Amino acid sequence: MSTASVPLPNWITYGLIPLLNLIVAFLISGLVVWFIGESPLDALVLLLQGALGSGEGIGFTLYYATSFIFTGLSVAVAIHAGLFNIGSEGQAYVGGLGCALVALTLDHYVPWYVTMPFAVIGAAIFGALWAFIPAWLQAKRGSHVVITTIMFNFVASAMMNFLLVHILIVPGKMAPETRTFLEGGQLPKLGWLMDMFGSTIGAAPLNVSFLIALVMCFLVWVLVWRTKLGYEMRTLGLSPTAAVYAGIPYARTVVIAMLLSGGLAGMMALNPVMGASARLQVEFVLGAGFVGIAVSLMGRNHPLGIIVAAILFGILYQGGDALSFDMPNITRDMIVVIQGLVILFAGALEYMFRPALVRIYQTFART
């Protein structure tokens, strides 16, 4: 029997294997830091201090994690249905158009808590619509969703650049961005959350979308493991042939799963567009859609694991900025290398240690 099909306890699959991958990634990162003449231990301390050593650092860490939670959930929902949606980047970009149009329309007339639910719906609908064509092509024409979604990322970027430069730009300004939203179109900061722990949020843009992301984690858990649709999606992901034989409609399930995936990706835009900058700007996604792939894989496509993995990548992003500032020899490119190593071991090499762990577990299980 292949080691890939041997069942292991959850504490190994969801705990030990990701932990080993993470440790190896940091060990290799430490070697890279050592090769350039810096202390790996000092670098780790500075990274953690920058990300978790102050209320402002924690605020930035959770701000980055919020975006990664949305895109991680987006990837996970698709994976459960046997689909690899790598178009979360473009779906989030188009989702930003949805929530920005809502904010631009309502911010003059209503407070933020009235605008917010419409913005959530707008972002989700626009993100879902951008995922619909790849979903339909996969379901009806057999076009591989990986190819179509990644190409739609480029189309989304070109379309959004055109809209911001020629249509949504503020007249008389050079910057390709919309006007700044009024208070009715801005998500408030979560300063009170840090106040509860006796700290201050400072300039960190942590906002209400963090709470929305946590709610979405719970709803995704309910959807995937507590509903008929979730059962159909998981069955399709495990065996499309068996799912069709059991009467599960293939095309409908594929389209619905991709719409849900695109909607979650689109909601990521709430965080930077309405929460941080209060306007729609060029390339605001900043790679969060692709990081979501690693977050989903490292979190084993489970909402709780996605939260933990998203916070880890938030630490890498915020702590990496502080590290590159305090250790000039460690440039921003070096931080990208460290992040890439974590993605490599959490994603592409996530089962590197599984064969050895299976043999060890079977040995001890027989005794």
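The values are calculated or read from the model by the stated rules, or taken from the named source; none is laboratory data. This one's a predicted model, so the numbers in the text were calculated from it and none came from an experiment. All Cβ positions, glycine included, derive from the backbone under ideal geometry; neighbour counts span all protein chains shown. In case anyone asks, the SASA skips ligands and DNA or RNA and just uses the protein heavy atoms, side chains included. Shrake-Rupley method; radii C 1.70, N 1.55, O 1.52, S 1.80 Å.
Electrostatic tally near Ala100: other residues with Cβ closer than 15 Å to its Cβ, Lys and Arg +1, Asp and Glu -1, net -1. Amide H contacts of Glu177 (H built 1.01 Å from N, in plane; Pro and chain starts excluded): Val170 sit under 5 Å, all sequence-distant by 5 or more or on other chains. Taken over region 1-75, the convex hull of the Cα atoms encloses 149 Å³ per residue.
Ranked from largest to smallest solvent-accessible area, with a 1.4 Å probe on the protein heavy atoms, Lys189, Lys173 come out as Lys173, Lys189. Over region 30-160, with every protein chain in place, what whole percent of the accessible area is carbon and sulfur at 1.4 Å, could you tell me? Ligands and nucleic acids excluded, carbon and sulfur give 75 percent. Of the peptides 75-87, 319-331, the ranking by mean beta-carbon count within 10 Å, highest at the top, reads 75-87, 319-331.
Expressed as a whole percent, the accessible surface of region 303-367 that belongs to carbon and sulfur atoms is 69, based on a 1.4 Å probe.
Per-residue accessible area (protein heavy atoms, 1.4 Å probe) orders Met116, Met159 as Met159, Met116, starting from the largest. Comparing Cα centroids, region 154-197 and region 38-65 end up 27 angstrom apart. Based on the Stokes-Einstein relation at 20 °C and a viscosity of 1.002 mPa s, and on the Kirkwood radius from alpha carbon pairs, the chain is assigned a translational diffusion coefficient of 100 µm²/s.
Per residue, the accessible area of the chain comes to 46 Å², computed with a 1.4 Å probe over protein heavy atoms only. Each peptide among 57-70, 144-157 gets the average number of other Cβ atoms lying within 10 Å of its residues, and from highest to lowest they stand as 57-70, 144-157.
Starting from the Cα gyration tensor of region 80-173, take the square roots of the eigenvalues, sort them a ≥ b ≥ c, and report rounded, prolate or oblate (rounded when a/c is under 1.5, otherwise prolate if a/b is larger than b/c, else oblate). Oblate is the answer for region 80-173, as a/c is 1.5 or above yet b/c matches or exceeds a/b. Computed per residue of the chain from DSSP H runs no shorter than four, each worth -39500 (n - 2.57), the mean residue ellipticity at 222 nm is -22000 deg cm²/dmol.
The residues neighbouring Gly59, those whose beta-carbon lies less than 15 Å from its own, together hold a net charge of -2 under the Lys/Arg +1, Asp/Glu -1 convention.
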